[in-house]
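The values are calculated or read from the model by the stated rules, or taken from the named source; none is laboratory data. These figures come from a predicted structure and were not determined experimentally. Ligands, DNA and RNA are stripped out before the accessible areas are found, and what is left, the full protein with its side chains, is counted by its heavy atoms. Shrake-Rupley method; radii C 1.70, N 1.55, O 1.52, S 1.80 Å.
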Amino acid sequence: MSWSDAIEAMENGKTVRHEYFTREEWFEMRNGRLFAEDGCPMDGWYRNEDWQKTGWSIVGNQ
């Protein structure tokens, strides 16, 4: 799915992973902010690079 689809999924409580992430890496949204699996804020992570625009999926059976 696209980055905008991933944002919408996270706004609806889902966690997402990019196809280039490892199985242990994912993003979630809390209070409108993006966080990595280790709890680190990821503000500014998205830089509109081509590889970031697609390749997203929802983690697990959420």
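Per the 1.4 Å probe, what fraction of the accessible area of the chain, in percent, lies on carbon and sulfur atoms?
Percent of accessible area from carbon and sulfur atoms in the chain: 44.
Given a 1.4 angstrom probe, what's the average accessible area per residue across the chain, in square angstrom? Please list the in-between numbers first.
Values: 4140 Å² over 62 residues.
For the chain, the per-residue accessible area is 67 Å².
Which order do R33, R17, R23, R47 take when ranked by solvent-accessible area (1.4 Å probe, heavy atoms of all protein chains), largest first?
These residues rank, largest area first, as R23, R47, R33, R17.
Expressed as a rounded percentage, what relative contact order does the chain have, with Cα pairs under 8 Å and six or more residues apart? Don't skip to the end; give the middle numbers.
Values: 85 pairs, mean separation 25.8, N = 62.
Relative contact order, the chain: 42 percent.
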